[in-house]
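To start, the structure under review is shown below, and the notes come after it.
The values are calculated or read from the model by the stated rules, or taken from the named source; none is laboratory data. What you are looking at is a predicted structure, and each value in this text was computed from that prediction instead of being measured. Cβ: placed from backbone, ideal geometry, glycine included. Neighbour counts: every protein chain shown. Areas reflect the complete protein model, heavy atoms only, side chains present, ligands, DNA and RNA absent. Shrake-Rupley method; radii C 1.70, N 1.55, O 1.52, S 1.80 Å.
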Amino acid sequence: MNSSVSSSISEQEQNFFVVGIGASAGGLRALEEFFEHMSTDSGAIFVVIQHLSPDFKSLMKELLERRTRMAVYRVTEGMELQPNSVYLIPPGKNLVLENRKLHLLEQEERSRHGLNFPIDIFLESLAKTYVERAIGVILSGTGSDGTNGLRAIHEAGGFAMVQEPTTAEFDGMPRTAIATGVVDRILSPSELAQTINQLVKPPNLPFKDDNNQSELLKSQHLEHIVSILAQYEQTDFSHYKITTLSRRIHRRYLISGCNSLDEFIRLLEISSQERAILRQDLLISVTHFFRDPLAWDVLEAKVIPQLIAKANPQEEIRCWVTACATGEEAYSLAILLDEAVTKSEKQITFKIFATDIDKVALEKATQGIY
């Protein structure tokens, strides 16, 4: 399959939200509770990715049909998504989304180091295709599957949600996902359903649409919100790209439960918690090791060797990583420098300074545990 999956959706599809739900051990009860409380006419599309044994027939379709009046399908190759429907991954397969069709892959084709992560694989394809209309939900299960998928959805401007670990039969997957710091809501399955019901309903927004580009807030609303954050959170977002600012505020507005943007602005004026959440969301603290591989290739092959070649014996090379988020970029640079210095056999040292205005992200970077 072509790896360059479309990063946008057609005008016909732009009002649909697609909800990718990952579940493993103990997930059946959570799924039943979720769909019992999910509206059957929300207009959303639900894709359930569960860890299934290829040796046993899954009864998930029959069990969920008892809990919802939405149509429930076992996915077949090339199946097209329809609103108010639930799609279930078949045993022994991985599932990816391209445009509005589901494609099945043999698990062996996408295995990593002998392991298979079907939830991550689907959520990553969902993030690329539906961007800010993507919703990722992680329910009960063991291990870490789904964590990278939620990161991808968050980075695309979608919504990341996780079952409250104390309500899960197995809390490994929820807790690992929560540790990323990108999760928007941590709730019981019934509360997750209620939140998504609110999220996917058509909003009352004063947006303008410019040649099918992403929806933008009007300048007076942007200026008002930016001034509130500058006043109360001591952070100036006025130099952010308007598209980035609009999408992130739009995203936060939708999940807040407010009925209008004016109501959301009033909430920001009185709620320190909502202001802090929006500030954190706008910081977009998303990173990973060796992100943007082409740039790292240039650093490794050209920039770092030149620095070392020019350095005098006993000299210290100093580097500064700005906006370091949780530190993966700084440690990636340290790895390359350490390898290059060792290879050169020159008696030089290096020091890396890393800074960020996000104190929570810096605390994780300082610990250096990943």
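If we scan segment 294-307, do we find a residue that is more than 25 Å from the chain's Cα centre (by Cα), open to solvent by less than 30 Å² (accessible area, probe 1.4 Å) and either modelled with pLDDT of 90 or more or among the polar types (S, T, N, Q) (or both)? Yes, the conditions are met somewhere in segment 294-307. Among the residues making up segment 320-335, a single one is surrounded by 17 or more Cβ atoms within 10 Å (Cβ to Cβ) and over 26 Å from L282 (Cα atoms): A334. Starting from residues that are in a helix (DSSP H, G or I) and under 26 Å from S85 (Cβ atoms), keep the ones in segment 97-117 and report whichever is modelled with the lowest pLDDT. Restricting to residues being in a helix (DSSP H, G or I) and under 26 Å from S85 (Cβ atoms), the top hit is R110. Identify all residues within segment 65-85 that are outside any loop (DSSP other than H, G, I, E, B) and either in contact (Cβ under 8 Å) with a residue 60 or more places away in the chain or within 26 Å of the chain's Cα centre (by Cα) (or both); write none if there are none. Of everything in segment 65-85, those that are outside any loop (DSSP other than H, G, I, E, B) and either in contact (Cβ under 8 Å) with a residue 60 or more places away in the chain or within 26 Å of the chain's Cα centre (by Cα) (or both) turn out to be V72, Y73, R74, M79, E80, S85.
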